[in-house]
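Participant: Please find one structure pasted underneath; my questions will follow.
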Amino acid sequence: MIETTMTEDDMTDIELVRHVMASTGLSEATATRVVADVTAYFAETAEDYIRRRHNELRQRHRKNDDIWPQIAAELRSRRFSASDLSERQLRRIVYG
């Protein structure tokens, strides 16, 4: 059973979990995981995305000369409205 908590955010999460359960037939545990995953996805900032994506691509042995244009293109289709960033700006986010 979904427990009612104090904060407005928690109430929204509970309502969303209930909605996901009702609309998909998922169990409470699975619906809760889905809501948590989606919430985390939408909470990611452009800077966090750039760092995470750069790390993922480096682990696949991609070179920075290929990575920066790819990340810049990916940012244009992400849900956050990131302004167009140059390769230099992307490097500064990753390396400081």
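Participant: Please arrange His19, His61, His54 by counting, for each residue, the other beta carbons lying within 10 Å of its beta carbon, fewest first.
Facilitator: Final ranking by Cβ density, sparse to dense: His61, His19, His54.
Participant: Quick one: net charge around Arg33, please, counting Lys, Arg +1 and Asp, Glu -1 for every other residue with C-beta under 15 Å from its C-beta.
Facilitator: -2
Participant: Shifting gears a bit: By counting other Cβ atoms within 10 Å of each Cβ, how are Thr24, Thr32 ranked from fewest to most?
Facilitator: Going from sparsest to densest Cβ surroundings: Thr24, Thr32.
Readers should treat all values here as calculations from the given coordinates under stated rules, not as data from a laboratory. Since the model is a prediction, treat every value here as computed from it, not as a measurement. In this analysis, Cβ positions are derived from the backbone assuming ideal geometry, glycine residues included, and neighbour counts consider all displayed protein chains.
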